[in-house]
Amino acid sequence: MKKEAKVEFGIEIVKPWSTAMYDHNEALADVVKEKVHALWVAAYDAEKAEFVDEDDLGSEFGDMQWDGAASEELKRIQRAVTVYGFGFGYDVNRVAEIVEEEIEDAPFYRLKDIAEELELELEKGFVGFN
């Protein structure tokens with residue numbers, strides 16, 4: 001007796017993965033990347049605004065030490081994306097570069113984990129990981 005095929009979001013789950021599975025996950029990956037990037041930029045800009053004033057003599061938010069300058073929201077997003085923390089020796093610019101690279105290069109399973117960790121609202125989920 002043949003086992004009934006599992007279907008997620010209208011896509012039959014098969015091994016090896018079908019083109020439909022890859023196409024679905026690719027499209028969802030783009031959505032997750034956009035949402036995470038938007039969260040990151042909003043948190044970054046909000047924190048940067050806290051450090052800007054009229055008497056600023058050239059100090060840059062990006063050049064500040066990560067552990068002293070980053071808000072809890074920035075750290076929450078950063079930990080969800082990179083899975084580890086940063087301490088002394090990392091400035092905000094370097095951590096931002098790492099986070100952006102991780103978002104762009106993340107494979108499907110990591111994007112699934114990031115979306116769950118950040119509790120992103122998605123219409124559909126990734127297929128083939130259950």
Taking only DSSP H segments of four or more residues, each worth -39500 (n - 2.57), what value at 222 nm results for the chain once the sum is divided by all its residues, to the nearest 500 deg cm²/dmol?
-17500 deg cm²/dmol
Could you give the nm distance between label points at residue 37 and residue 50, where each point is 7 Å from its Cα heading toward the beta carbon?
2.6
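What is the sum of charges around residue 20, taking Lys and Arg as +1, Asp and Glu as -1, for the other residues whose C-beta is under 15 Å from the C-beta of residue 20?
Details: positive: 6, 15, 124; negative: 8, 12, 23, 26.
Charge balance near residue 20 sits at -1.
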Can you give the relative contact order of the chain as a percent, counting alpha carbon pairs under 8 Å and 6+ residues apart?
33
If I build a Gaussian network model for the chain, linking alpha-carbon pairs within less than 10 angstrom, which residue out of 35, 15, 75 has the largest mean-square fluctuation?
15
Calculate one ³J(HN,Hα) per residue across region 37-50 by plugging θ = phi - 60° into the Karplus curve 6.51 cos²θ - 1.76 cosθ + 1.60, and present them in order as whole Hz with x for glycine and proline.
4, 5, 4, 4, 4, 5, 5, 5, 5, 5, 6, 4, 4, 5
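If you stretched the chain out fully between residue 9 and residue 73, how much longer would it get, using 0.36 nm times the residue separation minus the C-alpha to C-alpha distance? Spell out each step's value before the answer.
Details: separation 64, 0.36 × 64 = 23.04 nm, distance 3.17 nm.
Extra length from residue 9 to residue 73 when fully extended: 19.9 nm.
Just to confirm, what accessible area per residue do you get for the chain at 1.4 Å probe, in whole Å²? Don't skip to the end; give the middle numbers.
Details: 8500 Å² over 130 residues.
Spelled out: the 1.4 Å probe surface of the chain, per residue, equals 65 Å².
Can you tell me the length gained on complete extension of the stretch residue 19 to residue 101, counting 0.36 nm per residue apart and subtracting the Cα distance? Walk me through the numbers before you get to the answer.
Values: separation 82, 0.36 × 82 = 29.52 nm, distance 2.62 nm.
Once the chain is fully extended between residue 19 and residue 101, it gains 26.9 nm.
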Within 11 Å, Cβ to Cβ, of residue 75, how many net charges do the neighbouring residues add up to if Lys/Arg are +1 and Asp/Glu are -1?
-2
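Under a Cβ-Cβ cut-off of 13 Å, what is the net charge of the residues other than residue 128 that fall near it, where Lys and Arg count +1 and Asp and Glu count -1?
On the way: positive: 6, 15, 112, 124; negative: 8, 12, 23, 26.
In short, 0.
The values are calculated or read from the model by the stated rules, or taken from the named source; none is laboratory data. Computed from a predicted model, the values in this text were never measured in an experiment. All Cβ positions, even for glycine, are placed from backbone atoms using ideal geometry, and neighbour counts span all protein chains on display. Quick note on the areas: whole protein, heavy atoms, side chains included, nothing else; ligands and nucleic acids left out. Shrake-Rupley method; radii C 1.70, N 1.55, O 1.52, S 1.80 Å.
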